[in-house]
Structures are given as structure tokens and as C-alpha cells.
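Everything below concerns the one structure shown next.
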Amino acid sequence: MRINIAKSSGFCFGVKRALDIAIKTAREKKNVVMLGDIVHNEEVVRQISRFGIKKIKSLERSKGQILIIRAHGEPLRVFNSAKKLNYTIVDATCPMVKEIHKIASDMEKKGYRIIVIGDRKHDEVRGISGQLKKKALVIENPLSIPLAKVKATKKGCIIVQSTQKLKNALDIVGILKEYIPDLKFFNTICKPTRIKQAEIENMPGKNDCMIIIGSRKSANTKRLYEISKSLNENSWWVNSKKEINPLWFQKAKNVGITAGASTPEETINEIINHIRSLK
Ligand code: SF4
């Protein structure tokens, strides 16, 4: 059985960078806190807490400490409140997310209504919307387009959550074009995501079994799994070696493996070694 590992498997640049910043800060200073989990992965969250970084739910309780902003970014109001409460801010927002923030606020200043294609409840989307003066229109898929609001928009600017599927974005853009006379579109799906998605569109056809590694909380892992499953029925989403079923590999000559952007190397290696030990 041959195991083919996606080159883009695991941490993306932005997650790696945010983790390095967080760990470096925790090594050098005390009282380091973070609003929520650094990434959507339980193992990484455990590792971070070992460095003494505390997860907080609200800013009020830890006034004056060091606040790390996660890779997904935060709304402007979080930065403003943190400053008022005397936090020292260490901003680990991914530069590619920062770029999306900049496009959104620049285009809003030019009079465009900002339309975000993304998961409404995802921290990155909340962060993007939170850079704006007016409420952004968030659209998750072609079926959830609020037509009345779209029809009332004369100048619209579409930006995309960095980890979205390109097809979903283009389908939505195609529909919005029919209704908004002045429509600008910025494809802000980040490069690491594009590379990951290109690989996952290619691998399922070349492998008899596909294993996608990542937490159930990870939206980008879910997307990788969905693409893989649509192309190869024998695709499985796992987060530990315990979830592996040897029957999946019974007739497999080639097994493809990839992992979400927040999956740590240790988890990936543990699962690969386990699969290797099966035959
Ligand atoms: S998925 Fe892309 S934008 Fe998001 S943190 Fe990773 S590199 Fe940055």
C-alpha cells in the first residue's frame, strides 16, 4: 500500500505564524491571555495552555494583561476595548486576513456595500465584518442570498473568507452580477487554501482511499473532506488513530492523506504511522 501525503497538508502559514508569536510571547512574558481558542484544534489548544497562555471569554476579567489576537483576527471593537482596559496587544492576525480587512474598509470608504462570502459564525467573518462602519451582507451559499437586500444594493463589493471553496464563491458572484449594477469582486481566498484545494481536487481520483485529518471544529478540514467525498466515496475524516477503520484500506493500493490548516504535525504523523502499521 502506497501512502501519498499532500504537500500542503497541515498548518498553513498564518496558523504557524500565530502559534510562533503566541509561544514566543508566553516564553518572554507572564499573564498572556487569548480570547477563545488559537485555532480550531483541541490538541493545539492543549499545547498552547501548557505554555501558560490563558483562554478568556471576555476582556473585563483580565484587564491590563497581554492579549494575543489570533490568526483569524478580531473586530475593531475588540482592539478598542482592549486598549481602554489597558491590555498590551500582540496582534497575530494572519497578514492575508489583514489584507482582507484593508480591502473591506477601503472599499467601504469608496461607498461600496461590503458583501462577505463566508460562514456567518466563523471568527474570521466576524472579524472582517467588525472592521466596517455599516453592517456587511454575509452570504454563505447561493441558496441563502437575501435577494431583497441584494436588489437594493447599487454599489457592492464582494470579498471572500480566506478558506472558502472557489466554486461556491463564483456561483454567488454569478447570481449577484445580475442584480447589482456596480459590482466589484476580490477573490480573497488565500494562497495556502488555493494550493490545498487544488491538491484535494486532484488526489481523490488518484487514490483508492482518502484520509482527511483534522478536528470536527475545523471549517477548512470539513471543506477538504466534502470535496474529497464528492470525488471519492472512500474518503474519511479523522482526528486520531482510534477513528481509523482497517476495512477502509482492504482493497487500497494507494492511500491519499491530507490535513486541515489547524492540524498539528504530531497528529498527522501518528495517523500515518498507524496506517503504515496496518499492512
Ligand atoms: S487559512 Fe490562509 S488566511 Fe487563514 S490563517 Fe491560514 S494562511 Fe492565513
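Share of the chain's accessible area from carbon and sulfur, percent, 1.4 Å?
Roughly 52 percent, rounded to a whole number.
Can you give the calculated 222 nm mean residue ellipticity of the chain, where each DSSP H run of n ≥ 4 adds -39,500 (n - 2.57) and the sum is split over every residue, rounded to the nearest 500 deg cm²/dmol?
-12500 deg cm²/dmol
Given R₀ = 45 Å, FRET efficiency for Asp20-Ser144 by Cβ-Cβ distance, to 0.05?
0.80
For a protection proxy built on the mean count of beta-carbon atoms within 10 angstrom, sort 142-151, 8-17, 108-117, 73-82 highest first, please.
8-17, 108-117, 73-82, 142-151
If you place +1 on the Cβ of every Lys and Arg and -1 on the Cβ of every Asp and Glu, how big does the dipole about the Cα centre of the stretch 165-221 come out, in debye to the nearest 20?
Dipole about the Cα centre, nearest 20: 240 debye.
So if each residue of separation counts as 0.36 nm, and I subtract the Cα-Cα distance between Arg27 and Ile195, what length gain in nm does that give?
Stretched out fully, the Arg27 to Ile195 stretch lengthens by 57.2 nm.
Rolling a 1.4 angstrom probe over the protein heavy atoms, how many square angstrom per residue are accessible across the stretch 97-185?
51
Using the charge dipole of the chain (Lys, Arg: +1 at Cβ; Asp, Glu: -1 at Cβ; taken about the Cα centre), state which of Ala219, Ala259, Ile200 has its Cα farthest towards the positive end.
It is Ala219, whose Cα lies furthest towards the positive end.
Just order 38-50, 234-246, 200-212 by mean Cβ neighbour count inside 10 Å, highest at the front, would you?
Sorting 38-50, 234-246, 200-212 by mean packing, highest first, produces 200-212, 38-50, 234-246.
Give or take rounding to whole Å, what are the principal axis extents of the alpha carbon atoms in the stretch 14-59, in descending order?
Sorted largest first, the three principal extents are 24, 23, 18 Å.
Test of understanding: what is the full-extension gain from Leu85 to Glu233, defined as 0.36 nm times their sequence separation minus their Cα-Cα distance?
So the chain would gain 48.1 nm between Leu85 and Glu233.
In whole angstrom, how far apart do the alpha carbon centroids of the stretch 42-94 and the stretch 256-277 sit?
29
With the contact rule set at Cα under 8 Å and sequence spacing of 6 or more, what percent relative contact order holds for the chain?
22
For the chain, just say rounded, prolate or oblate: build the C-alpha gyration tensor, square-root its eigenvalues into a ≥ b ≥ c, call rounded for a/c under 1.5, and beyond that prolate if a/b exceeds b/c, oblate if not.
Verdict is oblate for the chain.
Beta carbons within 10 angstrom, averaged per residue: use that to sort the peptides 258-264, 192-198, highest first.
Per-residue mean Cβ counts within 10 Å order the peptides as 258-264, 192-198.
With a ≥ b ≥ c taken as the square roots of the eigenvalues of the C-alpha gyration tensor of the stretch 209-279, please select rounded if a/c is under 1.5 and otherwise prolate if a/b is larger than b/c or oblate if it is not?
oblate
Which residues does a label at Lys57 reach in the stretch 75-107, if reach means a backbone N under 17 Å from a point 7 Å past the Cα toward the Cβ?
Answer for this model: none.
Just the number, please: Stokes-Einstein D of the stretch 152-219 in µm²/s, Kirkwood Rh from C-alpha pairs, 37 °C, 0.692 mPa s.
231
For the pairs Lys121/Lys151; Lys196/Lys229; Lys7/Lys121, note any where the Cα-Cα span goes beyond 18 Å.
Lys121/Lys151; Lys7/Lys121
With the cut-off at 1.5 for a/c, could you classify the stretch 88-174 from its C-alpha gyration tensor as rounded, prolate or oblate?
oblate
The values are calculated or read from the model by the stated rules, or taken from the named source; none is laboratory data. Since we're looking at a predicted model, the values are computed, not measured. Neighbour counts run over all protein chains shown; Cβ positions are idealised from the backbone, glycine included. Quick note on the areas: whole protein, heavy atoms, side chains included, nothing else; ligands and nucleic acids left out. Shrake-Rupley method; radii C 1.70, N 1.55, O 1.52, S 1.80 Å.
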